[in-house]
Amino acid sequence: MDRVKSSMQQVPNPIPKALIRRTGGANSLELEKENFERGQAVSINKAINTQEVVVKEKHARTCILGTHHEKGAHTFWAAVNRLPLSSNAVLCWKFCHVFHKLLRDGHPNVIKDSMRNKADLSDMSRMWGHLSEGYGKLCSIYLKLLITKMEFHIKNPRFPGNLQMSNRQLDEAGENDVNNFFQLTVEMFDYLECELNLFLGVFSSLDMSRSVSVTAAGQCRLAPLIQVILDSSHLYDYTVKLLFKLHSCLPADTLQGHRDRFQEQFKKLKSLFYRSSNLQYFKRLIQIPQLPENPPNFLRASALSEHISPVVVIPAESSSPETEHMVDLVTEDLVDTDIPVQPATVVEPRFDDLFGTSAATDPFNFNNQNGMRKDDKDRLIEQLTREIQALREELESFRLESGRLCQALRGRVNELEAELAEQSHLRMQALGESEFLRAELDDLRRVKEDTEKEQRSLTEIERKAVANEQRYVKLKEKYTELVQSHADLLRKNAEVTRQMTVARAAQDEVDSVRREMQEKVKAAQEAAERREQEQVEQLQELQRELISSRVELDTLKSTMASSQQSSEELSSQLSTVESEKVELAGSLLKKEEELAGLGEELDRVQSSLASERESGVKTAEALQNQLNEKESREQALESQLVAARWSTLQGAVEEAERIVQDSLAQLDDPAHISCTSSADYLASRCQASLDCMDRLHSARDGYLADNTGVSELVRAVTHLAHLVGDTIVQGSATSHMVPVEQADALSDSVKACGAEALALLGQMKEQESLATADSATLRAALDGILATAEKLRPRGLELQQGELGDLVEQEMAATSAAVESAAARIEDMLDKSRAVDTGVKMEVNERILASCTDLMQAIKELVLSSKDLQRDIVDSGRGAASMKEFYVKNSRWTEGLISASKAVGWGATVLVDAADLVVQGKGKYEELMVCSHEIAASTAQLVAASKVKADKDNANLGRLKLASKGVTQATAGVVASTKSGKSQIEEKDTMDFSSMTLTQIKRQEMDSQVSVLELETKLQKERERLGELRKKHYELAGVAEGWGEEDEGTG
């Protein structure tokens, strides 16, 4: 608490604000809610700012704890919606970083609450997408990633924001449906693609040849990649597991597209992880995993056991204890730490302005300041005591919250331990599956051995066939010997005749055996087909030899008829033949058995081939059906895509028509009468519209040539509608500042331009008339407005070279002097008011004069920034010429600076005079508010005149814009303090009608109606008078700048 007290003493004026907030009698719940919202707003503004540095972790952590505290993101979006995210790219980039952290680590309701802002984020992404470099392009990619992340979690609510899930939860997310797993894998591919695009965008925007990771700007761009690495590691792991699951359920050809997309993303992610791990910035914040050398082989189911989930390790931070962080958060609720802590001597002047000159010696001596009594001091002490007690209670609540967070972390540890046990169980299951696969492998090996045995038996059969062939050759040789001995057989005719019957019977048996063997060989030839081709050829050769043997035997019969000799030798030879015949019959029986076994094997092979052929036909038919369905789906999607493109174009054209119609409707709005513009700005808008028409023409031709170019046509139509609408509004505003005749002509021109634009858009809405839409009439209308604007441009003052150059310096010096004088006068008036006034009047006067002082200070900063910017413009544009020659060369710009400087100095003087009269009680509060608005308009004119020739990357231009915002805020402060003071000073009569009769009330009602009508008539006349005065002012300004001479020259 000592730190809180010391912080309170260092802040200039937290006490009055605390008093104002506590005087409403709020209860403890409202007090707690107010403290929570204030602390969140401070942390969000500190985390999301325009400084190109890394978001501080403690501010982001406070935002995350805030979402858990309120169970949503309503406070976060309420604070973010007030930030100018569309005007500053660094601010938008840091918002994306903080929002990504909230989506990952915040309350689950953050995603649901953020979906309401999805359309705004999409528009902002498209807006930043028009920039091709710097933070603009990165913001567009990052916003698309965040939108994709929100859509993914809305479609898949089982996935938490940090994507941490167990395998069981991953299976439950798909509901055991292969279609759900298929769609979930596609969505994860899209999600990971957005992550990789941001990765590549950040690396491409950095100069990797230098040590960019040690610079503040480089770390600002690299910091969000930590969240991207965390998301990418989980997405890669889940994608691998889902693909293995899909390959176990679907054919490999169906998942070819998934495998190709995974291969591409694997290469990118591995390269980006490797490049990130070599950066010095990441080495101390995160341990990046390395992916394997080759991607997993999804066609092999056992490869899943080789997959190792990548784990990202974030080292523990060496920070102060958690309670010290909570005290810092409570201190930030009381003190805006964006304001640097200054020494006491620096704070003293601001304290003197609020409480008097004695604050330097006794800062909290309230007895002699502002007439405060002793009881006020006691009440102040009591309120401070209550506030300290509330802060202690809030600190205790933060401690309880930290305790709950620790409990949640312990629960997470238990969950991780359960997941580890589940992984161990899965490992045991994998071991069981490996044993089963090993048993299957053994069975396959046994089948292979049986096949080899059958092959060996087939070889043995072939060997036996060769042996039979050799026997037949020997038989042939023996038959040859018989032919040689036929002479001897002639002498033994008698014996041969007797043995002839026996030989004939033996021959019949041989013939029958031969016929049976031929039939069996033919059957084996048909059964074995190609694998038995060699054996069939050998058998055919054997058949030919048998036929030749039969021919020889027939010859032998004819010779035996005349042979009568050698019967004994023949008898012995026939007995040998009979023995050989017996052996041959035995071998033929064995051969027949072997051929029967081969026939059965052949039948089994043919049946298996028939079943495989049938299954192949069915598979081919299924694939053909899938191919036909895919082609029909592709045709339907193509037709839907064409229709969607045309509907998108129609929507863009209708939106463009609404923009132009809204601009035309503003011309008849009474509030638009007070709007003014310059001829120069109108001419620039017309020229931009003409340039956009060329772009629209080329985009339309591209769309007609190829329907895929609809996005460029939509952008061109929308851009043209905005430019034409702006031209219409600016033309009407310019007509309020020119003479009546020229104003009427300009108003008719802009109305005609709007009508032509609507006619062109109407033609583009119809598909038949899109190609023939004519934009010549709209171009002619814009050319007419551009010519009118050129005529209304001022000619410039007839000044000599030296006079014009000196006049710029003189007017800027005079403006600075006028602002300094006004600030001094306000200080004098403040001192006089403190000496004379008391009570509420003194409080009101001090508040008004303090706001006027802030306004003068802001104007002073604006004038100095304008001087610096003008000096840069002159130095960069004059070349070898002198400064005065540059001013004369750009006389119109110089005259604009002179006119704006005069207006600022005059406005400051008038504001001080009006404030003096208000403090004295002689002036009107309305005069002070009008003077404030006039100063705001004059400073805006000075800013516009200063930055018209400036480079957009000029540092002084940025300072000038910040100073302009400061003037706008200070002007709003003057108006607010004036309205508040007016409401406090003026007495409001209470309306008591209890004592009035019905007739009296009716009479008063009629009188009030008469007064209302009179005031409305007077208001209308004053508005008409204001319009005429502005037109006359425009005419006088034109005469002063030489417009009359230009009109005479053109006439």
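Considering only residues that are at pLDDT 80 or above and either among the polar types (S, T, N, Q) or touching a helix residue (DSSP H, G or I) at 6+ places or on another chain (Cβ under 8 Å) (or both), look in region 762-771 and name the one that is surrounded by the fewest Cβ atoms within 10 Å (Cβ to Cβ).
It comes out as Gly762.
So, Thr648, is that one open to solvent by 50 Å² or more (accessible area, probe 1.4 Å), at pLDDT 80 or above and either more than 30 Å from Asn707 (Cβ to Cβ) or in contact with a helix residue (DSSP H, G or I) (Cβ under 7 Å, 6 or more places away or on another chain) (or both) or not? I'd like the intermediate steps shown before the answer.
Numbers: open to solvent by 50 Å² or more (accessible area, probe 1.4 Å): yes; at pLDDT 80 or above: yes; either more than 30 Å from Asn707 (Cβ to Cβ) or in contact with a helix residue (DSSP H, G or I) (Cβ under 7 Å, 6 or more places away or on another chain) (or both): yes.
So Thr648 passes the test.
Return the pairs, sorted by first residue and then second, in which the second residue is among the basic types (Lys, Arg) and in a helix (DSSP H, G or I), the first residue lies in region 233-244 and is more than 15 Å from Lys268 (Cβ to Cβ), the beta carbons are less than 8 Å apart, and the residues are 6+ apart or on different chains.
Sorted first by the residue in region 233-244, then by its partner, the pairs are Leu243/Arg259.
Can you name the residue in region 747-761 that is over 16 Å from Ala665 (Cα atoms) and open to solvent by less than 30 Å² (accessible area, probe 1.4 Å) and is also farthest from the chain's Cα centre (by Cα) among such residues?
Leu760
Report, by residue number, each residue of region 94-123 that is open to solvent by less than 20 Å² (accessible area, probe 1.4 Å) and within 21 Å of Val714 (Cα to Cα).
Leu121
All but one of (1) open to solvent by less than 60 Å² (accessible area, probe 1.4 Å); (2) under 30 Å from Glu934 (Cβ atoms) hold for Cys692; state the number of the condition that does not hold.
(2)
I'd like the full set of residues that are surrounded by fewer than 20 Cβ atoms within 10 Å (Cβ to Cβ), more than 16 Å from Glu846 (Cβ to Cβ) and in contact with a Ser or Thr (Cβ under 6 Å, 6 or more places away or on another chain), limited to region 954-984.
Those that are surrounded by fewer than 20 Cβ atoms within 10 Å (Cβ to Cβ), more than 16 Å from Glu846 (Cβ to Cβ) and in contact with a Ser or Thr (Cβ under 6 Å, 6 or more places away or on another chain): Arg959, Val975.
Looking at this structure, is Leu121 out of contact with any Pro (no Cβ under 6 Å at 6 or more places or on another chain) and over 18 Å from Leu405 (Cβ atoms)?
Details: out of contact with any Pro (no Cβ under 6 Å at 6 or more places or on another chain): yes; over 18 Å from Leu405 (Cβ atoms): yes.
Spelling it out, Leu121 is indeed out of contact with any Pro (no Cβ under 6 Å at 6 or more places or on another chain) and over 18 Å from Leu405 (Cβ atoms).
Please count how many residues of region 826-866 are crowded, with 16+ Cβ neighbours inside 10 Å and closer than 27 Å to Ala945 by Cβ.
The number of residues fulfilling the criteria is 16.
What's the number of the condition Leu170 fails, among (1) more than 24 Å from Leu230 (Cβ to Cβ); (2) open to solvent by less than 40 Å² (accessible area, probe 1.4 Å)?
All conditions are met except number (1).
Pick out, from region 671-780, the helices (runs of 4 or more DSSP H) lying fully within it that include 3 or more residues that are among the hydroxyl-bearing types (Ser, Thr, Tyr).
Details: elements: 679-705, 710-735, 740-765.
Qualifying helices (runs of 4 or more DSSP H): 679-705, 710-735.
If I filter region 441-464 for residues that are surrounded by 11 or more Cβ atoms within 10 Å (Cβ to Cβ), more than 30 Å from Glu578 (Cα to Cα) and hydrophobic (A, V, I, L, M, F, W, C), do I get at least one hit?
no
Can you tell me which residues in region 393-424 are open to solvent by 70 Å² or more (accessible area, probe 1.4 Å) and in contact with a helix residue (DSSP H, G or I) (Cβ under 9 Å, 6 or more places away or on another chain)?
Across region 393-424, the qualifying residues are Glu393, Arg399, Arg404, Gln423.
Only one residue in Asp951, Asp913 is outside any helix (DSSP H, G or I) and either at pLDDT 70 or above or surrounded by fewer than 19 Cβ atoms within 10 Å (Cβ to Cβ) (or both), so which one is that? Walk me through how you get there before you give the answer.
Details: Asp913 fails: outside any helix (DSSP H, G or I).
Exactly one residue qualifies, and that residue is Asp951.
In this structure, does Thr361 turn out to be at pLDDT below 80, more than 24 Å from Val840 (Cα to Cα) and not small (Gly, Ala, Ser)?
Answer is yes for this residue.
Suppose we filter Ser277, Ser213, Ser233 for residues that are open to solvent by 20 Å² or more (accessible area, probe 1.4 Å) and farther than 17 Å from Val186 by Cβ; which single one remains? Before you say what the answer is, go through the steps one by one.
Working: Ser213 fails: open to solvent by 20 Å² or more (accessible area, probe 1.4 Å); Ser233 fails: open to solvent by 20 Å² or more (accessible area, probe 1.4 Å).
Exactly one of Ser277, Ser213, Ser233 is open to solvent by 20 Å² or more (accessible area, probe 1.4 Å) and farther than 17 Å from Val186 by Cβ, namely Ser277.
Anything in region 146-170 that is part of a helix (DSSP H, G or I) and in contact (Cβ under 8 Å) with a residue 60 or more places away in the chain? List them, or say none. Write out each step before concluding.
Quick first cut of region 146-170, residues part of a helix (DSSP H, G or I) only: 146-155, 167-170.
Matches in region 146-170: Lys149, Asn167, Arg168, Leu170.
The values are calculated or read from the model by the stated rules, or taken from the named source; none is laboratory data. Computed from a prediction, not measured in an experiment: that's the story for all the values here. In this analysis, Cβ positions are derived from the backbone assuming ideal geometry, glycine residues included, and neighbour counts consider all displayed protein chains. Accessible surface is based on the protein model in full, side chains and every heavy atom, while ligands, DNA and RNA are left aside. Shrake-Rupley method; radii C 1.70, N 1.55, O 1.52, S 1.80 Å.
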